[in-house]
1. So if I check each of Phe115, Phe158, which one is under 19 Å from Ser38 (Cβ atoms), in contact (Cβ under 8 Å) with a residue 40 or more places away in the chain, touching a strand residue (DSSP E or B) at 6+ places or on another chain (Cβ under 7 Å) and not hydroxyl-bearing (Ser, Thr, Tyr)?
2. Identify all residues within the stretch 228-252 that are modelled with pLDDT under 95 and loosely packed, with under 12 Cβ neighbours inside 10 Å; write none if there are none.
3. With respect to the numbered conditions (1) modelled with pLDDT of 90 or more; (2) crowded, with 17+ Cβ neighbours inside 10 Å, which one is the sole condition not fulfilled by Thr208?
4. Just to be sure before I move on: is Leu261 at pLDDT 95 or above and assigned to a helix (DSSP H, G or I) in the structure I sent?
5. Under 8 Å between Cβ atoms, at least 6 apart or on separate chains: pull out the pairs that start in the stretch 173-196 with a residue that is more than 14 Å from His64 (Cα to Cα) and modelled with pLDDT of 95 or more and end on any residue that is acidic (Asp, Glu) and not in a strand (DSSP E or B).
6. Can you name every residue in the stretch 85-137 that is under 14 Å from the mean Cα position of the chain (by Cα), of a type in the set (A, V, I, L, M) and more than 20 Å from Leu27 (Cα to Cα)?
7. Which members of the stretch 102-127 meet the condition of being out of contact with any His (no Cβ under 9 Å at 6 or more places or on another chain), of a type in the set (Val, Ile, Thr) and in a loop (DSSP other than H, G, I, E, B)?
8. How many residues does the stretch 128-143 hold that are β-branched (Val, Ile, Thr) and part of a loop (DSSP other than H, G, I, E, B)?
Amino acid sequence: MRVLRANRVRLREWVRFHTGRRRYPFLSEDELEASRTSDTLFVFGSGWSLNELRPEEWAHFEEHQTLGFNWFVRQDFVRADYHLVRGIGADDLRPESWRPAVEEYFRRARESARFRSTIFVVHTGFNAINGNRAIGLGLLPHDRPVFLYRSKLGQPDFSWSFRDGLAHPNSTLEDAVNFAVLAGWTRIVLVGVDLYDRRYFWLGHDETRPEDELRGARHAEAHSRAGTGMITTFGAWRGMLEPRGIQLFVYNPRSLLADVLPLYAPPGVGL
C-alpha cells in the first residue's frame, strides 16, 4: 500500500513539474560549464565544524566557487554559487511532514542574500519528488538559473555523463561530487562533512535534530551515513579520479573521510 501511495505521489509531482517548468531559465551542459570560473570548488555539508571556521577561511572559499546541498540553505556564511536540491523533508508522503519543511527550505533560498546569484542544481525524473515540487509548485526563485540532473539510485559506479545519471550509492554528497567532476572542476574540497557526530551547524552544540530524535539517535552519535560504504566509495573515487588530474580533498582533519582523502590546507589557513 505504501509503495502504491508513493508512486501516486511521484506521478502527481512529475505532472506538476512538466506544467511548471516554463517558469524557469534552464541551463544546458555547455552553459553550466561556462559558468565555472575556478578550477577549485568547495562543497559544503552541514556539520557543526562550519561554526569553527574563521572569517579568513570563508574569504578564501569565496576566492573560488562554492556548492552546497540539502539544508545548507540555512547558512549565512558564504556566497552560494551553486546549490543542489534533493533531500528536504523527513517524510515526502505526508503533507504534515513535508509541507512545512519544503516551505521553509525554499523561503530561505528565495530570501537569503547568500543565494542571490545561485545556480540551482535540481534533481529531476520520476523519483525526484522534492525536485519536481520545487519546479512544479514554482518554489525556487524564478530569476535564478536551474540545471536539472538525474541520478542512478543505489548505483555505486561513478558516472561520466549527465545523460547516464549521477551516482547515488549512499547520500546526496555523492551526487554533489559527481556533479562537480562532470561540470569541470579539478580540485574539489569537502567542507563541513564531519560524519563523526550528528551535530548540525544551525543547532546548539549539544542539540539533537528532531528528525534524529524520531529515529532514536542522539547528536553525539556517528552520522547515519558514516558506515564503511561511504568511506569506501570515496576512497575508490579518489583512486579513480587522481590519474585523470582530478583531486578530492577533505577540509576538516577530524572528518571520518580523512582516512581516505587528503587534507586541504592552503598556507596560513586551516582548522
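1. Phe115 is the lone residue from the list that is under 19 Å from Ser38 (Cβ atoms), in contact (Cβ under 8 Å) with a residue 40 or more places away in the chain, touching a strand residue (DSSP E or B) at 6+ places or on another chain (Cβ under 7 Å) and not hydroxyl-bearing (Ser, Thr, Tyr).
2. Matches in the stretch 228-252: Thr228 only.
3. (1)
4. Here the answer is no, as Leu261 does not meet what is asked.
5. Ala183/Glu33
6. Ile88 - this is the single residue of the stretch 85-137 that is under 14 Å from the mean Cα position of the chain (by Cα), of a type in the set (A, V, I, L, M) and more than 20 Å from Leu27 (Cα to Cα).
7. Correct list: Thr124 only.
8. 0
The values are calculated or read from the model by the stated rules, or taken from the named source; none is laboratory data. As the structure is a computational prediction, the values presented were derived from the model and not from experiment. With ideal geometry, Cβ positions are generated from the backbone for all residues, glycine too; neighbour counts draw on all protein chains shown.
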